[in-house]
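Quick one: the structure is below, questions incoming.
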Amino acid sequence: MAAILIIDDEKAIRKTLGEILSYEGYKIDEAADGEEGLRKFSSSTFDVVLCDIKMPKMDGLEFLEKARQVNPDVPIIVISGHGNIETAVEAVKKGAFDYISKPPDLNRMLITLRNALDKQTLVTETKVLKRKVSKVQQMVGDSAAIQKIKDTIEKVAPTDARVLITGENGVGKELVARWIHEKSNRSSGPMVEVNCAAIPGELIESELFGHEKGSFTSAIKQRIGKFEQANGGTLFLDEIGDMSLGAQAKVLRALQEGKITRVGADKDINVDVRVIAATNKDLLKEVEDKNFRLDLYHRLGVIIIHVPSLNDRREDVPALVDFYLETIANEYGQPKKAIDKNAADMLMQHNWTGNIRELRNVVERLVILSGKTITAADVESYVVPRK
């Protein structure tokens, strides 16, 4: 049963609307002015609000502004007997779902309510789906190195400080970036990823900053770049050590001024983006070799998080193996396989040149090819390189 809050200083109006909507099957609460309405709105859960404009203590437009700060997802329908087009436009600009003049047409009001509730349902479903789709894999391990990373994330995530994540390929740098975003104040915004190593040098500027139609031969339409796509959220620049010097200069400007310019345009665009970068290279060595800008290094590396290789935290291997055994079993819809101690010990001593990525693949291979219990013989057959 949907809950509706009616805010109106006229008791007769509240009573009439309340009786009609109760008959339609809605749960009704009332408030005699904007202040009382805001108190109830802040302390209870409502699916829709019906709000008058002219009220003592706090008018409808002021209530609308403050209610949107409390919960911007709840549709607010403004009703007023003092209506004019300017008031309606102002109410909609401030975030009202719709505007209805008094005396309200009953059929129109019920249709508007139904539309508002449909919107509320879609908003809720979208949030649930986003959480499912963007669910971040947990960071597995109890080693001192992993605990230090977790502690750093807890401290850094709520800030807007830029973070540089270093480490070998496959150690989980992207996972660290995702956790920083997930725990940040920007978690409701997008996290946009760019693999700088996978984009040709001549296209990296268009990828990052976008381009205007006709700005170069293959620019057949306008393109929105990754910086704009990440506005209000986080931009993850993976393998930034492979970025061209020309693109580095433009990224530096974007970080310094909070502005970007599309390729082929002369108009600046303001962007509000938190940048997290990652690299498997020694950027200071790249600076010495004149492949990376020192000023950009200092801009990116406000906080530096180094993710150790799996060989440097072997004590985490058993927990990771168990985690992937369960994850893969769920993906395949089959019971979780057991692993005997000798097999687990062999995996712990294995030389993980591909780090976490390699470990995940190895566990999946063992799940597919082994019997009910993974044995040392299975590890010998399917993991240990043959000489």
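Quick one, which of (i) 26.1, 90; (ii) 28.1, 90; (iii) 22.5, 65 is the actual Rg and Dmax of the Cα atoms in Å calculated for this model?
(ii)
Let me ask something else about it. Using only Cα atoms, find the angle between the long axis of helix 34-43 and the longest principal axis of the chain, and express it within 0 to 90 degrees, rounded to the nearest 10.
Taking Cα atoms only, the helix is inclined about 30 degrees.
Now a separate question. Which of the chymotrypsin sites (Phe, Trp or Tyr not before Pro) found in region 182-252 are in a DSSP loop and have at most 15 neighbouring Cβ atoms, other than their own, within 10 Å? It would help to have the intermediate numbers written out before the result.
Working: sites: Phe209, Phe216, Phe227, Phe236; in loops: Phe216.
Listed in order of number, the matching sites are Phe216.
In the chain, what percentage of the DSSP-assigned beta bridges are antiparallel, given to the nearest 5?
Values: 4 of 41 bridges.
In the chain, DSSP labels about 10 percent of beta bridges as antiparallel.
Kirkwood-based Rg over Rh for region 262-387 (C-alpha set), two decimals?
1.18
Mind sorting Lys221, Lys173, Lys57 by how few other Cβ atoms lie within 10 Å of their own Cβ, fewest first? Mind dumping the intermediate values first?
Values: Lys221 8, Lys173 25, Lys57 14.
With the fewest neighbours first, Lys221, Lys173, Lys57 line up as Lys221, Lys57, Lys173.
Now for a different question. What are the residues whose amide H is under 5 Å from the amide H of Ile100, where those residues sit 5 or more places off or on another chain and H is modelled from the backbone?
Counting only residues 5 or more places away or on other chains, the set is Val78, Ile79, Ser80.
Quick one: order Leu235, Leu294 by neighbouring beta-carbon count within 10 Å, fewest to most. Working shown, then result.
On the way: Leu235 27, Leu294 13.
Fewest-to-most Cβ neighbours within 10 Å comes out as Leu294, Leu235.
With axes computed from alpha carbons, what is the tilt in degrees of helix 11-23 against the longest principal axis of the chain, rounded to the nearest 10 within 0 to 90?
For helix 11-23, the angle is close to 60 degrees.
When we measure straight from the Cα of Lys40, which lysines land under 18 angstrom away, once same-chain ones fewer than 8 places off are left out?
Straight-distance partners of Lys40: Lys11, Lys15, Lys27, Lys57, Lys66.
Separation of region 242-266 and region 156-224 by C-alpha centroid, Å?
The distance from the Cα centre of region 242-266 to that of region 156-224 comes to 13 Å.
Loop-only check: which trypsin sites (Lys or Arg not before Pro) in region 276-319 are DSSP coil with at most 10 other Cβ within 10 angstrom?
Passing both the DSSP loop test and the Cβ count: Lys290.
Set the Förster distance to 56 Å, then compute FRET efficiency between Arg314 and Glu24 from the Cβ-Cβ distance, nearest 0.05.
With a Förster radius of 56 Å, E is 0.30.
Anything over 28 Å Cα to Cα? Flag those among Lys183/Lys259; Lys94/Lys250; Lys150/Lys281; Lys119/Lys221, in the order listed.
Lys94/Lys250; Lys119/Lys221
Cα gyration tensor of region 19-116, axes a ≥ b ≥ c as square roots of the eigenvalues: rounded (a/c below 1.5), prolate (a/b > b/c) or oblate? Write out the running numbers ahead of the final one.
Details: a/c = 1.40, a/b = 1.04, b/c = 1.34.
Rounded shape, in that the Cα axes give a/c under 1.5.
Calculate, for Glu86 and Phe216, the FRET efficiency according to 1/(1 + (r/R0)^6) with r their C-beta to C-beta distance and R0 35 Å; round to the nearest 0.05. Can you show the working numbers first?
Numbers: r = 46 Å, r/R0 = 1.33.
The pair Glu86/Phe216 has a calculated efficiency of 0.15.
Further, regarding this structure: Which of the lysines could a cross-linker span from Lys337 if the Cα-Cα distance has to be under 16 Å and same-chain partners fewer than 8 positions apart are dropped?
Leaving aside lysines fewer than 8 places away in the same chain, those within reach of Lys337 are Lys372.
Sum -39500 (n - 2.57) across every DSSP H segment of at least 4 residues in the chain, then divide by the residue count to get the 222 nm mean residue ellipticity, nearest 500. Write out the running numbers ahead of the final one.
Working: 16 runs with 177 residues, N = 387.
For the chain, the value works out to -14000 deg cm²/dmol.
Just want to confirm a number: the relative contact order over the chain, from Cα pairs under 8 angstrom separated by 6+ residues, in percent.
On the way: 621 pairs, mean separation 48.6, N = 387.
In percent, rounded to a whole number, it is 13.
Treating the angle as unsigned and between 0 and 90°, give the value, to the nearest 10°, between the Cα long axis of helix 106-133 and the longest Cα principal axis of the chain.
10 degrees
What ranking do Val78, Val275, Val307 get, fewest neighbouring Cβ atoms within 10 angstrom at the top?
The most exposed by this proxy come first: Val275, Val307, Val78.
No value in this document is a laboratory result; all are computed from the given coordinates. Since the structure is predicted, the reported quantities are computational estimates derived from the model, not experimental observations. Positions of Cβ are generated from backbone atoms using ideal geometry, with glycine treated the same way; all protein chains shown enter the neighbour counts.
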